[in-house]
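A short write-up of the structure that comes next.
Each value in this text was obtained by applying a stated rule to the coordinates, not by laboratory testing. On a predicted model such as this, the values are computed, not experimentally measured, just so you know. As a convention, Cβ positions derive from the backbone with ideal geometry for all residues, glycine included, and neighbour counts pool all protein chains shown.
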Amino acid sequence: MEIIVTNNYEELSRKAGEIIDSQLKKDSASVLGLATGSTPLGTYKELVMSYEKGETDYSFVSTLNLDEYVGLSPDHHQSYRRFMNEHLFDQINIQKGNTYIPDGKADNLAEECERYEQVIDEIGPPDLQLLGIGENGHIGFNEPGTSFESGTHVVELTPSTRQANARFFDTMEEVPTHAVTMGVQSIHKSKKIILLASGKRKAEAIRQLIYGERDEQFPASSLKEHRDLTLIVDREAYALVN
Ligand code: F6R
């Protein structure tokens with residue numbers, strides 16, 4: 001595991017952006033695994049800036065996102081498809097047909113999970129997967145207790161996750177109860193993984209990731225066995241590591 005410690009969030013975002021840009025320069029048909037959430041937002045800004053300067057070209061790039069809420073249409077203001085369009089895809093020259101996100105509106109979700117796992121195998125595996133981490137060690141929507149052998153699957157969101165999301169919706173009833181997520185094993189298919197963590201909220205999770213055992217109660221710990229894992233963490237997130 002390689003660990004890069006930065007002074008702050010801006011530097012973390014620049015570093016992650018540089019790594020992704022150099023992947024695109026090495027292989028113009030790269031496959032990127034992408035995440036939503038607040039942590040990668042700065043990285044996406046960096047990618048858009050270097051694209052605008054003419055340093056990168058997304059014509060032949062494909063992307064595979066980790067997860068999507070069940071029941072939200074792609075244009076719903078809280079769907080992960082909409083998030084990705086707004087923060088990245090609409091601002092670069094990627095072909096939308098080359099951007100893959102699970103379909104949370106699929107009639108048959110079990111089939112959708114199988115289909116998405118096939119997409120990962122056929123389009124991917126990603127050359128590089130960007131990940132965030134939950135305070136409880138979740139990656140994607142893989143919460144504590146998820147099997148390390150899991151492929152793409154449907155998860156029921158915990159009451160605390162739904163409660164935390166409630167602020168983005170008008171009523172509690174609108175908050176999705178389920179999501180489709182790449183499994184832990186699906187994430188492991190990526191050739192390279194970059195996990196980002198910023199702020200003291202993440203410090204305990206980073207301590208546990210570095211010092212803890214591999215344990216299904218802490219999903220990110222599975223990554224300790226990945227052949228090419230880089231952590232990019234800012235000083236606050238690294239504060240509990242000696
Ligand atoms: C996002 C995702 C989640 C987040 C994690 C951290 O697609 O799968 O696992 O990476 O919840 O979220 P933030 O970055 O908002 O702290």
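Computed values, structure above
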| read-out | value |
| --- | --- |
| Other-chain or far-sequence residues with amide H under 5 Å of residue 140's (modelled H) | 132 |
| The stretch 1-76: proportion of alpha-carbon pairs further apart than 14 angstrom, % | 68 percent |
| Helix-derived mean residue ellipticity, 222 nm - over the chain, DSSP H n ≥ 4, -39500 (n - 2.57), to 500 | -9000 deg cm²/dmol |
| Residues of the stretch 6-26 with amide N under 13 Å of the 7 Å Cα→Cβ point at residue 91 | 14, 17 |
| Reachable lysines, given that their alpha-carbon falls under 22 Å from the alpha-carbon of residue 191 and they are not under 8 places away in the same chain | 15, 25, 26, 224 |
| Fully extended contour minus Cα-Cα distance, from residue 165 to residue 114, at 0.36 nm per residue | 15.7 nm |
| Charge tally in the Cβ shell below 14 Å around residue 85, where Lys, Arg are +1 and Asp, Glu are -1, residue 85 excluded | -1 |
| Counting DSSP beta bridges with both ends in the chain, the antiparallel % (nearest 5) | 30 percent |
| Local electrostatic count, residue 198, Cβ distance below 11 Å [Lys/Arg +1, Asp/Glu -1] | 0 |
| Kyte-Doolittle at least -0.5, axis length at least 18 Å by Cα - qualifying DSSP helices, the chain | none |
| Nearest-0.05 FRET efficiency for residue 228 and residue 25, computed from C-beta distance (R0 22 Å) | 0.75 |
| Placed amide H near residue 3: partners under 5 Å, 5+ positions off or other chain | 231 |
| Projected label distance in nm at residue 121 and residue 177, using a 7 Å step from Cα toward the beta-carbon | 3.2 nm |
| Modelled FRET efficiency - R0 30 Å, residue 204 with residue 77, Cβ distances, 0.05 increments | 0.40 |
| Separation of alpha-carbon centers, the stretch 51-83 and the stretch 193-210, rounded to whole Å | 24 Å |
